[in-house]
Amino acid sequence: MMETESALEHNKRGAAHAMAGDYELALVEFTHALALEPQEPSIYHNRALVHRSLNDHQQALNDLDKALQLCPNYATAYYQRGLTYYLLKKYRKAIHDFSMALSMKMEDVVGPTVGRGLAYMALEEHEQAILNLDRAIATNPTQAGIMGAYNSRGQAHIALKHFDRAILDFEEALELAPDDVILLNRLGAAYTDSGHPQHAVQYYTRALALQPDTAFTYNNRGEAYRLLKKYEEAVADFEQALALDGTLALVYYNRGLAYASLTDYQRALADYQRALEFEPTLYSVYKDRAKIYQTLKQYWDAIADYCKFLEQVPDDIASLLQRGLLYLSMDQARTAVEDFSRVIELEPEHACAYSNRGEAYLRLPDIAKAKADYQRGWELDESHAESGWMSQWIEMCLSMPDARMVDRLEHIAEADPHEYAASLCRGVALWLRGDVEHALTEIEQAIALKPEQWDAYFWQGMLCASLQRDAEALTSFSQALEAGIPPLLLAPLHWLKQERPDFYSEHAVPWLKYQ
């Protein structure tokens, strides 16, 4: 307690000046008070708050240290020092001081509890942040809400991908601050991230009504429209954002995504390029630009972009798969194997990676490894008839088919009867059972499903040759070869040696030399 009345008066005037925002005058008054009462901890405390308001955090810490030296049980000083440490981003020290304040049973427990929650948030220890913010809200929901507890807890839930809980918290926070544009954007983003962009639009629209010149809100609403497949509305919002700030790389990227969905690939590519010019580390642009290059059949450009993306995100499975497929299409089978093997290393039960690697091994050529990979792909996912079909084709390359082969082919076809590979399985099974005409119908159905594939043309050739429809057989075999059938898979041509020796010697033997 202050012993001199003069010190008390200086302290009161300092407090009044501080309340009025006259911090320099407040500083003078508190300093005068301390000259008269140098052992009074409350004056150090008060002057510390003024130093902090003047952004002189080190002087604030010095005064709070002195206050605690004079009064080690000064709970409020611990709380204020915790806030100062928080502003200095010394979060562990802030947590310590907030905890000390709480241990001394200070009257206001909400403040230090919220403060501790915010410090844990800054350290990305979101579970601990939520625990503290829960306590603050349970103690005094109104005070905690005013201090931002609902908003902060919502952000912690977002970090943990608890989107439904985040939405509830942001809605509570919005009750207290209905015109908070940033909060409206956070609520919209929570709905978007939770898979409900249709609910996000209204909050972005409210935010724009409050602040119509906010580029990031236009971008956010545009992204919601894009996810709703309202691409024209999305482009319009992205253009508004860029009119307000033409340097926003993310907006160029998002508009590029919208243009890509509209199949306006040249505009998409131009936007992706602008995004990279403004933000070269926006690496996801490379991945999406690669997809466009694939569509435009600029395969080496696509590979180059996947390489740039994978330099930064080396374990992205989707990009590794796509790059592997591109390498395969460009006759780089060994490099393709490396990409597919990396996918399998990252995800050992990735059925498609085994199937794709199986095709790469066929082209190396390594029929044993190809067979093992196709078989493993089929074991992992029996709904993927392609893997099962290819494993059986390879088996037919190694030995003559028997009744068990027919049963296996029919079993594979049952997995998805309408799939391309299912038609091939049924067609070959019917042929092995002697029903050539129905077999041919199934093969023709497969061709209608995927006219660019080589599988069906080869087996159509086999069937036509067995029916002595040689002109059609030659056309079909030629189409299979032009489509890029792996030479190892031509081995069933040997079956024609007994049935069609003339066709075999004149046509099949030269083709088999490719093996």
Checklist entry - Picking from 221, 206, which residue would you name as being over 16 Å from residue 259 (Cβ atoms), in contact with an Asp or Glu (Cβ under 7 Å, 6 or more places away or on another chain) and either assigned to a helix (DSSP H, G or I) or small (Gly, Ala, Ser) (or both)? => result 221
Checklist entry - Do we find that residue 238 is at pLDDT 95 or above, assigned to a helix (DSSP H, G or I), in contact with a Phe, Trp or Tyr (Cβ under 8 Å, 6 or more places away or on another chain) and under 29 Å from residue 260 (Cβ atoms) in this structure? => result yes
Next on the checklist: Out of everything in region 434-446 that is closer than 22 Å to residue 397 by Cβ and either surrounded by 14 or more Cβ atoms within 10 Å (Cβ to Cβ) or not assigned by TED's automatic domain parsing to the domain that holds residue 486 (or both), what residue ends up being nearest to the chain's Cα centre (by Cα)?
Outcome noted: 446
Next on the checklist: Among the residues in region 49-59, are any at pLDDT 95 or above, in contact with a Lys or Arg (Cβ under 8 Å, 6 or more places away or on another chain) and closer than 27 Å to residue 140 by Cβ?
Outcome noted: no
Checklist entry - Which ones in region 432-451 are assigned to a loop (DSSP other than H, G, I, E, B) and either touching a Pro at 6+ places or on another chain (Cβ under 9 Å) or charged (D, E, K, R) (or both)? => result 433, 435, 450
Item to check | Per-region count, region 348-400, residues under 33 Å from the mean Cα position of the chain (by Cα), without any contact (Cβ under 8 Å) to a residue 24 or more places away in the chain and within 25 Å of residue 462 (Cα to Cα) | outcome: 2
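Return yes when residue 289 is under 25 Å from residue 242 (Cβ atoms), assigned by TED's automatic domain parsing to the domain that holds residue 354 and either modelled with pLDDT of 95 or more or not in a loop (DSSP other than H, G, I, E, B) (or both) and no when it is not.
yes
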Checklist entry - How many residues does region 383-409 contain that are assigned to a loop (DSSP other than H, G, I, E, B) and touching a Cys at 6+ places or on another chain (Cβ under 9 Å)? => result 1
Checklist outcome for this item: Among the residues of region 461-515, the number that are within 23 Å of residue 362 (Cα to Cα) and among the hydrophobic types (A, V, I, L, M, F, W, C) is 17
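Kindly indicate whether any position in region 29-42 is under 21 Å from residue 102 (Cα atoms) and in contact (Cβ under 8 Å) with a residue 12 or more places away in the chain.
Among the residues of region 29-42, at least one is under 21 Å from residue 102 (Cα atoms) and in contact (Cβ under 8 Å) with a residue 12 or more places away in the chain, which makes the answer yes.
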Checklist entry - Looking only at residues in region 456-515 that are free of Cβ contacts under 8 Å to residues at least 60 places away in the same chain and in contact with a Cys (Cβ under 7 Å, 6 or more places away or on another chain), which one is nearest to residue 371 (Cα to Cα)? => result 476
Checklist entry - Given the structure, is residue 167 more than 26 Å from the chain's Cα centre (by Cα), at pLDDT 95 or above, of a type in the set (Val, Ile, Thr) and crowded, with 18+ Cβ neighbours inside 10 Å? => result no
Next on the checklist: With under 50 Å from the mean Cα position of the chain (by Cα), more than 20 Å from residue 401 (Cβ to Cβ) and assigned by TED's automatic domain parsing to the domain that holds residue 418 as the only criterion, which of 449, 493 stands out?
Outcome noted: 449
Checklist entry - Which ones in region 312-350 are farther than 19 Å from residue 373 by Cβ, surrounded by fewer than 18 Cβ atoms within 10 Å (Cβ to Cβ) and in contact with a Phe, Trp or Tyr (Cβ under 9 Å, 6 or more places away or on another chain)? => result 312, 313, 330
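The values are calculated or read from the model by the stated rules, or taken from the named source; none is laboratory data. What you are looking at is a predicted structure, and each value in this text was computed from that prediction instead of being measured. Note: ideal-geometry Cβ built from the backbone for every residue, glycine included; neighbour counts use all protein chains shown.
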